[in-house]
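Comments concern the structure below.
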Amino acid sequence: LVAAFCLTTEFCALSSEDVLSKDAGECAICLEELQQGDTIARLPCLCIYHKGQVFLGGCIDEWFEVNRSCPEHPSD
């Protein structure tokens, strides 16, 4: 697993959308593997999640509809 730590104490807004260049462990939202070629969103804290997955509507997009913090660091 790839571990990333939230470096912000405020709302973690999406900073970029990218295509994953190598496998990166498990998505903390859907628990599916983050695989090379997946479209991902990277938060300012450097945590990454699926973005735009057809079957999920994008893990991080759905997460931010009801939450306002990084899924892995909710108290930050």
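The values are calculated or read from the model by the stated rules, or taken from the named source; none is laboratory data. It should be emphasised that the depicted structure is a prediction, and the values quoted were computed from it without experimental measurement. Cβ placement follows ideal geometry from the backbone for every residue including glycine, while neighbour counts extend to all protein chains displayed.
State which residue is modelled with the lowest pLDDT when the search covers only segment 14-26 and only residues that are part of a loop (DSSP other than H, G, I, E, B) and under 13 Å from G52 (Cβ atoms). Write out each step before concluding.
Step one: filter segment 14-26 for residues part of a loop (DSSP other than H, G, I, E, B), giving 14-15, 20-25.
Okay, now just the ones that are also under 13 Å from G52 (Cβ atoms), so 14, 20.
On the way: L14: 42, L20: 88.
Looking at residues that are part of a loop (DSSP other than H, G, I, E, B) and under 13 Å from G52 (Cβ atoms), I get L14.
Quick check: anything in segment 4-13 touching a Pro at 6+ places or on another chain (Cβ under 9 Å), surrounded by 15 or more Cβ atoms within 10 Å (Cβ to Cβ) and at pLDDT below 85?
Yes: segment 4-13 contains one or more residues that are touching a Pro at 6+ places or on another chain (Cβ under 9 Å), surrounded by 15 or more Cβ atoms within 10 Å (Cβ to Cβ) and at pLDDT below 85.
Within the group Q53, Q35, which residue is at pLDDT 90 or above and assigned to a loop (DSSP other than H, G, I, E, B)? Even if it seems obvious, please write down each step before you answer.
Numbers: Q53 fails: at pLDDT 90 or above.
Of Q53, Q35, the one residue that is at pLDDT 90 or above and assigned to a loop (DSSP other than H, G, I, E, B) is Q35.
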